Every structure is written in structure tokens, then in C-alpha cells.
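Below: the structure, in C-alpha cells.
The values are calculated or read from the model by the stated rules, or taken from the named source; none is laboratory data. These figures come from a predicted structure and were not determined experimentally. No Cβ is skipped: glycine too gets one built from the backbone with ideal geometry, and neighbour counts run over all protein chains shown.
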């Protein structure tokens, strides 16, 4: 256990895990077509987010602010992902490096929890948080649901739990060394790559697997909710789509743009509707037709009133 807590080894493992996680976050930003600054932000969040959450839980100074090498590693990963066209065409490389960061953070996070006096179960949870916290933060910033919450995504949390649990079990048996810790990280790394290659995914709930009707449709039909009437919604959202505004533009000699919006099928008054009822569409949007003399006279009379 003493050899695992050496500063040089911890520094090297932290840098390697941060670089792998940051590269996966940078690839996410490239896939989302972010600019260079957005790529840098997501790389920093994915690389340093898990370690930041871990250090805040342990009430120790975050490693991201103790050494300049920690924030520089995500910057290098972001530049490689943003400029490397050959790497962008090989997404499997990013999956491999993400699996490297997953395995390393699962083991190092668990070891840091054990060194700081935590029990086996909290230390295992801390290792999982260290491995997945940065990815969750990056997905949230990119407005994307984290893959570990979706049934149609490859297994992500279970490989991390495997690596962290193996490290905690080795500590209980007194056989936690550099060799055994490396084997635990390799187990999590291999598990993750096999899940990606063979598309191992968690099962869905029984309500979704056996139901013929989508669950959210059945819930909405069973619990009707009120909504504002057409008049209230039109008064609140469509103040600029009134006839006299288009008529004033025509009198000034300006052509009617193709982006004008027409409002159709809006009753003057009516009771509140429910989501389960069948009703006509609220709005019809599209390009406006050129004004004819008859329609222009009609608009002018309405404006005069």
C-alpha cells in the first residue's frame, strides 16, 4: 500500500487518466460541432471534473489547482481532437482512451478514499464518482443525456464498479500492490472495451419491454392536464403576427419578407383544453403570399377601425 501512495506514481496516473477523459470530452465537442473554446471547456470538464468532485468529498485541495500540469493535459487533448482530422475519422481511438481514464480513475479514486480513512463501500463509491463525474459534467454541458443513464448505451458504470470493487477487495485481503492494482485497472479497461465492441447494454424495465403502448403516452392519457386556451396563448406569443403590421410595411413600399408568419385556426374564445383531447393545430407557419389589391384594401379598412 505504501508504494501506491508515492507522489510520482500518483502524479503519472492522474495525468494519464485526465488526458484520456479530456480526449473523450473533446471528441464529444467535435461531434457537437463546437468551436475551439467550447472544445477546451468540455475537455477541461471531462478531464478534471471527476477528480474535482472526489477532492471536494475528501475535503482536500483539488489537484486541478495544485500543479500546472493538470490543466495543461486537457488543453493538449483538446488541441489533438480539434486539429487531428485522422483521429476524428477513427472514433474507436477515443473509446480506447476513455476506457483508459475510466480504469485508472476507478482504481486511484478508491485508493485515495482508503488512504484518507474511508471504509470499503464509500471508497468504492468514490472511485466510481471519480471515473464518471467528468463525463457526466461534460454531457450535461453539451446538453446530452449521460450514456450511463440510457438503456441503449453500452455499459459504462458497471466496468467502473468492477475496477473500484476489485481494488477494495484487494485492500480487504491485504494484497493491494502495484501489480494487483494494475490488474484491477486492466479489468475495468477490458470490460469497457468488450462492452463497446459487443454492444453489451443494460436491460429495459418490464413496463417498456411488455407494453404495446409507449409508457409516456399511457401516462399522459391517464392523467389529463389543463392548458391555456387558444386566445390566451395567441395574445401572449403572437403579438407581432397581426394584420396591421404587415399592412404598414406594404404602405411604406417595403416587400413582404418570406419569414412572415400567419396565424390560423385561433378561436376568439373558448374553454381550456386538455392534452388528451383531439384539436386542430394551433399555428400554421410558412411564407406569406404577395398582397393583392383586395387584400390590401381589407387590411387598410381593419387598420382604420
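Based on this model, can you work out whether residue 18 counts as assigned by TED's automatic domain parsing to the domain that holds residue 178, assigned to a helix (DSSP H, G or I), in contact (Cβ under 8 Å) with a residue 60 or more places away in the chain and farther than 23 Å from residue 191 by Cβ?
no
So which residues in the stretch 36-49 are in contact with a helix residue (DSSP H, G or I) (Cβ under 8 Å, 6 or more places away or on another chain) and more than 13 Å from residue 139 (Cα to Cα), if there are any at all?
36, 40, 48
So that you can scan it fast, the table gives a plain yes or no per residue for (1) touching a residue at least 24 places away in the same chain (Cβ under 8 Å); (2) within 21 Å of residue 31 (Cβ to Cβ):
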{"residue": "108", "(1), (2)": "yes, no"}
{"residue": "116", "(1), (2)": "yes, no"}
{"residue": "119", "(1), (2)": "no, no"}
{"residue": "133", "(1), (2)": "yes, yes"}
{"residue": "140", "(1), (2)": "no, yes"}
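For a quick check of your reading of the model, give me the residue pairs whose first member lies in the stretch 60-87 and is within 18 Å of residue 112 (Cα to Cα), whose second is modelled with pLDDT under 90 and buried (at least 18 other Cβ atoms within 10 Å of the Cβ), with beta-carbon atoms closer than 8 Å and at least 6 apart or on different chains.
Once the first residue is within 18 Å of residue 112 (Cα to Cα) and sits in the stretch 60-87, its partners that are modelled with pLDDT under 90 and buried (at least 18 other Cβ atoms within 10 Å of the Cβ) give 63/14; 70/14; 70/63; 70/64.
Checking the conditions here, which among 80, 57, 63, 18 is surrounded by 22 or more Cβ atoms within 10 Å (Cβ to Cβ) and on the phi < 0 side of the Ramachandran plot?
Exactly one residue qualifies, and that residue is 18.
Okay, residues lined up against (1) farther than 28 Å from residue 93 by Cβ; (2) touching a strand residue (DSSP E or B) at 6+ places or on another chain (Cβ under 7 Å); (3) at pLDDT 90 or above:
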{"position": "147", "(1), (2), (3)": "no, no, no"}
{"position": "156", "(1), (2), (3)": "no, no, yes"}
{"position": "171", "(1), (2), (3)": "yes, no, yes"}
{"position": "175", "(1), (2), (3)": "yes, no, yes"}
{"position": "186", "(1), (2), (3)": "no, no, yes"}
{"position": "191", "(1), (2), (3)": "no, no, yes"}
{"position": "197", "(1), (2), (3)": "no, no, yes"}
{"position": "202", "(1), (2), (3)": "no, no, no"}
{"position": "206", "(1), (2), (3)": "yes, no, no"}
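Consider residue 180 carefully, then state whether it is within 26 Å of residue 40 (Cα to Cα) and surrounded by fewer than 22 Cβ atoms within 10 Å (Cβ to Cβ).
No: the conditions fail for residue 180.
Within the group 159, 146, which residue is touching a helix residue (DSSP H, G or I) at 6+ places or on another chain (Cβ under 6 Å), surrounded by 16 or more Cβ atoms within 10 Å (Cβ to Cβ) and under 11 Å from residue 128 (Cβ atoms)?
So the residue among 159, 146 that is touching a helix residue (DSSP H, G or I) at 6+ places or on another chain (Cβ under 6 Å), surrounded by 16 or more Cβ atoms within 10 Å (Cβ to Cβ) and under 11 Å from residue 128 (Cβ atoms) is 159.
Condition check ((1) more than 28 Å from residue 125 (Cα to Cα); (2) assigned by TED's automatic domain parsing to the domain that holds residue 133; (3) out of contact with any strand residue (DSSP E or B) (no Cβ under 8 Å at 6 or more places or on another chain); (4) at pLDDT 85 or above) across all residues:
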site: 59; (1), (2), (3), (4): no, yes, yes, yes
site: 66; (1), (2), (3), (4): no, yes, yes, yes
site: 70; (1), (2), (3), (4): no, yes, yes, yes
site: 80; (1), (2), (3), (4): yes, yes, yes, yes
site: 88; (1), (2), (3), (4): yes, yes, yes, no
site: 91; (1), (2), (3), (4): yes, yes, yes, no
site: 100; (1), (2), (3), (4): no, yes, yes, yes
site: 108; (1), (2), (3), (4): no, yes, yes, yes
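With respect to residue 62, determine if the residue is over 25 Å from residue 155 (Cβ atoms) and under 24 Å from the mean Cα position of the chain (by Cα).
So residue 62 passes the test.
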